[in-house]
Amino acid sequence: MSIDQSCFDPLDDIWWRMGATLNWWDSTLGHPPAWMPDQTDARRHLARRRPLLLRALALIHEHRTATTGQLHQLDPRLPARPDSRFWLDMLAARLIDYGYPFNPDGRTACTPRTIPWMAVRLPAHTQIEPALEDMGFNPVQIAALGPGPLRGARQYDRHNLICTDLSIRARQNGWHTLGEAYGRFSMLTGDPLAGNGGPDLILQGEHARVCVELTASANMALESKFRRWDRILAHDTCAATHVVWVNAARTGSLLTTLDAYCQSRGRQHAADISQWRQTWATVDGWHPQPGNPQPADPQWCRGTLTRMAAMFGFDSLDGWNLPAGFDTGLLYD
């Protein structure tokens, strides 16, 4: 029996008694189960709901992993129930994988109608761009889903679901948020040599950008991550950027370590996950405010095309016969 999707808490250890990962149905392996709709019918149904499908895929790609209830909170147009026809069609179309918590007693409960909640991700072992092209999506619509290949990224599921929970809470508090797909050092700095690594979540406010690093262990690479952020924050484009290292471990000892590394770094702060997601306050008393974040440009692709056209001597796009569906809007906002 499914729980109330709005009541799901990724910090509740009841879901992680057998580890920090979920039990996944891989869309590229095996035969479809009996409860799954026919793939051809599913793709035909989804083609009639193209804007909603694009929105769902953009949010899933951005946040890596999310439950259907979390996606509903990010966009109320998306259904919360895992057994809704929309999610079943996406599964049948092989556009997403679905995961559910392991049951320690060994009993099988693995359909969207019987699992307590359902997480979704892009397929882990294949890219969905060819499937979207077969369904009639144009290149701009596919590009609007976000940077990087459209496939599942490797990461602990508990980690991803906590980040999605933080994204929801931050949006409810007035922030604009960008998931891990947009958390790239090269995009934050404007320097392609800065690399593709980056924060787990970005909170964009009117005057400040907060990069969240969710951390559950202090391994040998932790100090090097702090030093890398020292180099990133030195860029002019990051003058208003702060980093918050959030302790997501089940004990408080890691928070002490994170705070020690932050002591000599003015724009790096430590926080405990329970306190951070309730008050947005860090150990050192820093309490960022969202203000009134500037909305992004919904005609982002026209701006890019205008700059490209200018290289060839065109003053504007006036008179250009742009295809239908060129303006996708802000799928990630």
Value at 222 nm in deg cm²/dmol, rounded to 500, when DSSP H runs of n ≥ 4 in the chain each add -39,500 (n - 2.57): -9500 deg cm²/dmol
Pairwise FRET efficiency - A309 versus H31, Cβ, R0 = 51 Å, nearest 0.05: 0.55
Theoretical gain in end-to-end length, D12 to E129 [0.36 nm per residue, Cα-Cα removed]: 38.6 nm
Positive dipole terminus of region 58-178, leading residue within P149, A131, A170 (C-beta point charges): A170
Highest-MSF residue in the chain out of P288, P123, P298 [GNM, Cα springs under 10 Å]: P298
Projected label distance in nm at F102 and W320, using a 7 Å step from Cα toward the beta-carbon: 5.2 nm
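Could you please tell me the mean projected area of the C-alpha convex hull for region 56-163, averaged over all directions and given in square nanometres to one decimal?
Details: hull surface 28.7 nm².
That works out to 7.2 nm².
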Percentage, to the nearest whole number, of Cα pairs in region 171-226 over 19 Å apart: 36 percent
Relative contact order %, region 203-333, counting alpha carbon pairs below 8 Å whose residues are six or more apart: 23 percent
Carbon and sulfur %, accessible surface of region 225-281 computed with the full protein complex present, 1.4 Å: 49 percent
Filtered trypsin sites (Lys or Arg not before Pro), region 152-196: DSSP coil and at most 14 other beta carbons within 10 Å: R154
Fraction of beta bridges assigned by DSSP in the chain that are antiparallel (%, nearest 5): 55 percent
Using alpha carbons only: equivalent-ellipsoid semi-axes of region 1-79, gyration tensor based, whole Å: 25, 19, 12
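Return the Rg/Rh value of the chain, two decimal places, where both radii are evaluated on C-alpha atoms and Rh is the Kirkwood radius.
Value, to two decimals: 0.98.
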Convex hull per residue volume in Å³, alpha carbons only, for region 196-328: 168 Å³
q = 0.13, 0.24 Å⁻¹: log10 I(q)/I(0) that the Debye formula gives for region 120-168, counting C-alpha atoms only: -0.39, -0.94
Gained length - R49 relative to Q263, 0.36 nm times residue gap less alpha-carbon distance: 72.0 nm
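The values are calculated or read from the model by the stated rules, or taken from the named source; none is laboratory data. For clarity, every value in this text was computed on a predicted model and none was experimentally measured. As a convention, Cβ positions derive from the backbone with ideal geometry for all residues, glycine included, and neighbour counts pool all protein chains shown. For accessibility, only protein heavy atoms count, side chains too; no ligands or nucleic acids. Shrake-Rupley method; radii C 1.70, N 1.55, O 1.52, S 1.80 Å.
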